[in-house]
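Handing you a structure now.
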Amino acid sequence: MQKEYRTIREIAGPLVFVEKTEPVGYSELVKITLPDGSTKRGQVLDTSHDIVVVQVFEGTGGIDRRSSVKFLGETIKMPVSGDMLGRILSGSGDPLDGGPPIIPEDRLDIIGAAINPYSRDNPQEFIQTGISTIDGMNTLVRGQKLPIFSGSGLPHNDIALQIARQAKVLGSGDEFAVVFAAMGITSEEAQYFMKDFERTGALKRAVVFLNLADDPAIERLITPRLALTTAEYLAFTQDMHVLVILTDITNYCEALRQIGAAREEVPARRGYPGYMYTDLANIYERAGRIQGKKGSITQVPILSMPGDDITHPIPDLTGYITEGQIVASRELHRAGIYPPIAVGRSLSRLMGQGIGEGHTREDHRALSDQLYAGYAEGRDLRGLVAIVGKESLSERDRKFLDFADSFEDRFVRQERNEDRSIEETLELGWDLLSMLPEDALTKIDRKLIEKYHPTHKKRGS
Amino acid sequence: MEMKKGQISRISGPVVVAEGISPRMNDVVLIGKERLVGEVIKLVGDKTIVQVYEDTSGLKPGEELLDTGAPLQAELGPGLLSSIYDGVQRPLPKLSEAMGDFITRGASVPGLDRERTWKFTPEKKKGDKVSQGDILGEAPEGNITHRILVPPGVSGTISSISEGEFTIEETICVLEDGTKLPMMHKWPVRVPRPFSEKLLPDIPLITGQRILDSLFPLAKGGTAAIPGGFGTGKTVTSQQLSKWSDAQIVIYVGCGERGNEMTEVLTTFPKLEDPKSGQPLMGRTVLIANTSNMPVAAREASVYTGITIAEYYRDMGYDVALMADSTSRWAEAMREISSRLEEMPGEEGYPAYLASKLSEFYERCGRVKTMSDAYGSISAIGAVSPSGGDFSEPVTQNTLRIVKVFWALDSKLRERRHFPAINWLTSYSLYTGHLDDWYRKNVSEDWSRLRQWAMEVLQKESELQEIVQLVGSDALPQEQRLTLEIARMIREFFLQQSAYHPVDTYSPLKRQFAYLDAIRTFANLAQKALSLDISLEDITELPSKAELGKMKFEDDIDTGIPAVVEKMHKQFEKLGV
């Protein structure tokens, strides 16, 4: 029998201190009933013989000393079922779409256990996103966690939506199920996502969790966990390939800092709690493949870098956990190029495992190395041109300069609904490389040049 | 042994407060019904503060708690090699058998296999007096001979000792006072194992990697740091070290790293071969994997588990190489636990004792004379992941104060596909002085002068590069252009080394010397030629130069180098030198 307590001693920010007599478990779920009958949920943060500290997800507004507190005797569980696809849920997992409550096939702990590194499988299946800068230069593979580092005002949402729409694994008819978790985004942004999901029919194979900007910040701490618990169920019990989009991690970390401050914890860098690395790892590491399981979880978290500063603790710690990053560039965005992906600063650590013969094409690695090198050289020359003018450049340098411009205009730039196959992307790359003198293609094997270079191809045919 | 019972009085994250027991600091306690493992980290009044190695959700005040009366210990004995452990020495394959693909709580799996038998051959006999660290006998394990030692703190006269197949718990030796000795013993991980004397590290750890052995050598028993985490080829470098270094035992501690990356290590290492013996590399390797989302307290312990196993093999008289990847994650684990304890923070929230913990760890490395008068060593290579790439942060700074070697992996070099991507200008080794004697005796009298020469050329090149960037290389005088050319030869012929080419992947010291010496010979002859007004173009186009560059991929390189040098002399003679 669960006892109800009306012994709230203190309320500070999102925390409620309750005096009690029965032992209460750490991280146990708590229900608080306000005098007007409405209820709020919370979680035990600290428990001792007489006092329990409860963190309230929906915010403490309206709670008074006479509110009743009930400890539910279990940690937070997420009801999951295969029928969840197509549903829209709140940041705490309640239906928002007017549909019936989820009839659970299972109820899972949302904290989620770590995958045994020994049981993991190596991620190596190429995911075609249809975006050249990702497929060609920073390849995403199944089971990877690849965040988009963006800034305010940049079209990261469009990029994420495009990935969600177009992502597919070549040679398999498998479509991705999408788990979308919004944390602290505006209702306008949320609508933008929802409209797009509805318009393209993607909603049918998506589960959406919405915690909006005016929802309690504390709820943001459980939203991604609910989403990932759902994803794990879909992937490892229902054998689906799941793409998880989390947006915006920055809001999540702000909530983490808020809670830390309310608990009067000793802060680490910039006021963020010292355990932020572990906390983020507990989210990001819930991606991957497991030996002998058909499904997989691929994560694309979005985070906006405060002040475009990549060394800020949030992108910095994220970069140490995720397998690379896609960096959005303000410079390209200003130049009117979509998607404004800065290939030089982006990186996919698992690219090597997912490309080449048997995955994409034998020339992929060499081609992307050469494109990187050529683009970098061309960009460097832009600085020089600003000082000495284009006229004083050598013929060779001018070619590199033009190459960099064309690379941005034709390879980076594409339409929001343009779904390029990997062949198209690679051919486009070769086409661009043919602008450069052939002896400058030092990173590509002779044989590959003869096989794929447009000049040779023409001669061959 | 009867374990004392106590009660939980408070739970906050991984920190649990208990009453009713009076354990010693660092004793292990078992918490709650699930017997979660924890360690005593603080005693206040009659309260005991415990750090728990597993998730504490659902624990309640009032639940039982057992004091084991012993600190966190590693199990030491045959069976360690080719194991894959988590941070508190639980075998991961066994864990996945016991609880499936996810690591849940409360599983207790012993570190060493209790069923497996090992063939024990005694070296001592009845009536022999033995004391701690003495070798009782041997059991073959993996690629090595496992020497069974008298555990620290034990001594006496042997009353019986038996040969045959035993499990690690069966008695192989009885002393006259009745002490029964099995092959296995336990040792508290936070306590350094005893040895008789620490020696100056004056023997190099030979890696067969030219830039490491010739320019920035690590001594056996030395310590090195590599900045990692930026995709600079840390994995390939550590694999090359595991494969080729002349340490008999390799211990790899993956501390707080990515799950998928750990999987890469766990799937590639077992496939690798020990090039010298042809046996699987795992036969001399212990892997410890505690990924970033596994419990933070176990991450903190993983480094100690690793070094304790390393010390155990050192005590048998082996040379051990330990790789800790990454020590920054380890430091963060300390920070996290410290902040849960509400300790006063030092720099950037790290505990004030960060520096002393780091130096304590590195101090457990070194070359020693063991208790049985054998020589063993632990060389440590610690990866640091400076946050925001900022080398002034506390972990990097404190590490660099302790370690003697810095291998600066450089992403710019990687982009240019220069492998190994170790920057020759920012790297350093403080062992060169200690090791010179060894190199002089074992390789060549001329070794240190040759190294000095190469470093000077590379240094000069970087100065000249600055000018070249402003005015172009054509504006330089011939002599300086020659320096650039020679530096390019050192970089491209000597420093670049392919990990995947069968010949180039390992270069013995004599060959390294001959190769670099040949480049110096070319430099000297070219210098002479210049002074005779022979044009630089004529010199650089000599076929022997290109031939020297290709030499490193040839099977007959060791006879090939002197042949090329001979040709070189002839070709210069033709030019009139």
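Tell me whether segment B:418-437 contains one or more residues that are open to solvent by 70 Å² or more (accessible area, probe 1.4 Å) and more than 24 Å from B:Gln239 (Cα to Cα).
yes
Quick one: in segment B:325-342, of everything that is in a helix (DSSP H, G or I) and closer than 14 Å to B:Pro227 by Cα, which residue is farthest from the other protein chains (Cβ to nearest Cβ)?
It comes out as B:Thr327.
Next up: Give me a count of the residues in segment A:430-461 that are among the small types (Gly, Ala, Ser) and closer than 17 Å to A:Arg379 by Cα.
Going through segment A:430-461 one residue at a time, the tally reaches 1.
Also, I was wondering about something else. Go through segment A:166-276 and tell me which helices (runs of 4 or more DSSP H), entirely inside it, have 3 or more residues that are touching a residue at least 60 places away in the same chain (Cβ under 8 Å).
In segment A:166-276, A:223-236, A:249-262 are the helices (runs of 4 or more DSSP H) which contain 3 or more residues that are touching a residue at least 60 places away in the same chain (Cβ under 8 Å).
Somewhere in segment A:153-166, is a residue among the basic types (Lys, Arg) and open to solvent by 20 Å² or more (accessible area, probe 1.4 Å)?
So far as segment A:153-166 goes, yes, one or more of its residues are among the basic types (Lys, Arg) and open to solvent by 20 Å² or more (accessible area, probe 1.4 Å).
Same structure again: Out of all the residues in segment B:1-38, which are touching a helix residue (DSSP H, G or I) at 6+ places or on another chain (Cβ under 7 Å) and either open to solvent by less than 10 Å² (accessible area, probe 1.4 Å) or of a type in the set (Asp, Glu) (or both)?
Of everything in segment B:1-38, just one residue is touching a helix residue (DSSP H, G or I) at 6+ places or on another chain (Cβ under 7 Å) and either open to solvent by less than 10 Å² (accessible area, probe 1.4 Å) or of a type in the set (Asp, Glu) (or both), namely B:Gly13.
Shifting gears a bit: Of the residues A:Arg289, A:Arg263, only one is of a type in the set (D, E, K, R), touching a strand residue (DSSP E or B) at 6+ places or on another chain (Cβ under 9 Å) and surrounded by 20 or more Cβ atoms within 10 Å (Cβ to Cβ); which?
A:Arg289
Within segment B:414-456, which residues are within 14 Å of chain A (Cβ to nearest Cβ) and either assigned to a helix (DSSP H, G or I) or of a type in the set (Lys, Arg) (or both)?
B:Arg414, B:Glu415, B:Arg416, B:Arg417
If I filter segment A:210-218 for residues that are surrounded by 24 or more Cβ atoms within 10 Å (Cβ to Cβ), within 19 Å of A:Ile88 (Cα to Cα) and not charged (D, E, K, R), do I get at least one hit?
yes
Looking at segment B:266-315, which of its residues are open to solvent by less than 10 Å² (accessible area, probe 1.4 Å), under 14 Å from B:Asp325 (Cα atoms), within 13 Å of chain A (Cβ to nearest Cβ) and assigned to a helix (DSSP H, G or I)?
B:Arg299, B:Ser302
If I ask for residues that are touching a residue at least 24 places away in the same chain (Cβ under 8 Å) and open to solvent by less than 40 Å² (accessible area, probe 1.4 Å), which ones from segment A:277-286 would you list?
A:Tyr277, A:Leu280, A:Ala281, A:Ile283, A:Tyr284, A:Glu285, A:Arg286
Further question: Enumerate the pairs (first residue in segment B:158-183 and at positive phi; second residue anywhere and outside any strand (DSSP E or B) and surrounded by fewer than 16 Cβ atoms within 10 Å (Cβ to Cβ)) with beta-carbon separation below 6 Å, excluding pairs fewer than 6 apart on the same chain, so at least 6 apart or on different chains.
The qualifying pairs do not exist here.
A further question follows. Quick check on A:Thr311: is it part of a loop (DSSP other than H, G, I, E, B) and within 23 Å of B:Ser385 (Cα to Cα)?
yes
Filter segment B:502-543 down to the residues that are in contact (Cβ under 8 Å) with a residue 60 or more places away in the chain, open to solvent by 20 Å² or more (accessible area, probe 1.4 Å) and assigned to a helix (DSSP H, G or I) and list them by number.
Within segment B:502-543, B:Lys510, B:Phe513, B:Asp517, B:Arg520 qualify.
Taking the criterion of being within 12 Å of chain B (Cβ to nearest Cβ), surrounded by 15 or more Cβ atoms within 10 Å (Cβ to Cβ) and over 21 Å from the mean Cα position of the chain (by Cα), would at least one residue in segment A:349-363 satisfy it?
No: zero hits.
Within segment A:319-333, identify whether any single residue is farther than 21 Å from A:Leu146 by Cα and of a type in the set (D, E, K, R), and answer yes or no.
yes
Let me ask something additional. Restricting to segment B:399-417, name every residue that is of a type in the set (Ser, Thr, Tyr) and surrounded by 22 or more Cβ atoms within 10 Å (Cβ to Cβ).
B:Thr399
Kindly state which helices (runs of 4 or more DSSP H) lie completely within segment A:420-461 and contain at least 1 residues that are of a type in the set (Asp, Glu) and free of Cβ contacts under 8 Å to residues at least 40 places away in the same chain.
A:422-433, A:446-452
From the list A:Leu228, A:Leu146, A:Leu221, exactly one residue is open to solvent by less than 30 Å² (accessible area, probe 1.4 Å), in contact with a Ser or Thr (Cβ under 7 Å, 6 or more places away or on another chain) and within 14 Å of chain B (Cβ to nearest Cβ). Which is it?
Step by step, each of A:Leu228, A:Leu146, A:Leu221 is checked, and only A:Leu146 is open to solvent by less than 30 Å² (accessible area, probe 1.4 Å), in contact with a Ser or Thr (Cβ under 7 Å, 6 or more places away or on another chain) and within 14 Å of chain B (Cβ to nearest Cβ).
Look through A:Ile103, A:Ile88, A:Ile110 and report the one residue that is away from chain B (no Cβ under 14 Å) and within 23 Å of the chain's Cα centre (by Cα).
A:Ile88
Step by step: first the residues of segment B:60-69, then only those that are within 13 Å of chain A (Cβ to nearest Cβ) and surrounded by fewer than 24 Cβ atoms within 10 Å (Cβ to Cβ), then the one that is farthest from B:Cys255 (Cα to Cα). Which residue is that?
So the residue we want is B:Gly62.
Of the residues B:Ala523, B:Ala475, B:Ala514, B:Ala518, only one is touching an Asp or Glu at 6+ places or on another chain (Cβ under 8 Å) and small (Gly, Ala, Ser); which?
From the options B:Ala523, B:Ala475, B:Ala514, B:Ala518, the qualifying one is B:Ala514.
Would a scan of segment B:392-409 turn up a residue that is of a type in the set (A, V, I, L, M, F, W, C), within 14 Å of another protein chain (Cβ to nearest Cβ) and assigned to a helix (DSSP H, G or I)?
Yes; the residues of segment B:392-409 include at least one that is of a type in the set (A, V, I, L, M, F, W, C), within 14 Å of another protein chain (Cβ to nearest Cβ) and assigned to a helix (DSSP H, G or I).
Then there's this: Would you please name the residue that is farthest from B:Val303 (Cα to Cα), looking only at residues in segment B:70-103 that are touching a residue at least 60 places away in the same chain (Cβ under 8 Å) and facing chain A (nearest Cβ under 9 Å)?
Per the criteria, the residue is B:Ile103.
This table checks each residue for (1) outside the structural domain of B:Glu169 (by TED's automatic domain parsing); (2) part of a loop (DSSP other than H, G, I, E, B); (3) buried (at least 18 other Cβ atoms within 10 Å of the Cβ); (4) not β-branched (Val, Ile, Thr).
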site: B:Leu95; (1), (2), (3), (4): yes, no, yes, yes
site: B:Ala98; (1), (2), (3), (4): yes, no, no, yes
site: B:Arg105; (1), (2), (3), (4): yes, yes, yes, yes
site: B:Val109; (1), (2), (3), (4): yes, yes, no, no
site: B:Leu112; (1), (2), (3), (4): yes, yes, yes, yes
site: B:Thr121; (1), (2), (3), (4): no, no, no, no
site: B:Lys124; (1), (2), (3), (4): no, yes, no, yes
site: B:Gly127; (1), (2), (3), (4): no, yes, no, yes
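Still on this structure: How about segment A:30-40: which of its residues are modelled with pLDDT under 90, touching a strand residue (DSSP E or B) at 6+ places or on another chain (Cβ under 6 Å) and either crowded, with 20+ Cβ neighbours inside 10 Å or on the phi > 0 side of the Ramachandran plot (or both)?
Answer for segment A:30-40, where residues must be modelled with pLDDT under 90, touching a strand residue (DSSP E or B) at 6+ places or on another chain (Cβ under 6 Å) and either crowded, with 20+ Cβ neighbours inside 10 Å or on the phi > 0 side of the Ramachandran plot (or both): just A:Lys40.
On to the next question. For segment B:37-80, what are the residues that are touching a Gly at 6+ places or on another chain (Cβ under 6 Å), under 29 Å from B:Glu169 (Cβ atoms) and at pLDDT 90 or above?
B:Val50, B:Leu65, B:Glu75, listed by residue number.
The values are calculated or read from the model by the stated rules, or taken from the named source; none is laboratory data. Fair warning: this is a prediction, and the values are worked out from it, not measured in the lab. In this analysis, Cβ positions are derived from the backbone assuming ideal geometry, glycine residues included, and neighbour counts consider all displayed protein chains. Each accessible area value is taken on the protein alone, full model and side chains, heavy atoms only, with ligands, DNA and RNA left out. Shrake-Rupley method; radii C 1.70, N 1.55, O 1.52, S 1.80 Å.
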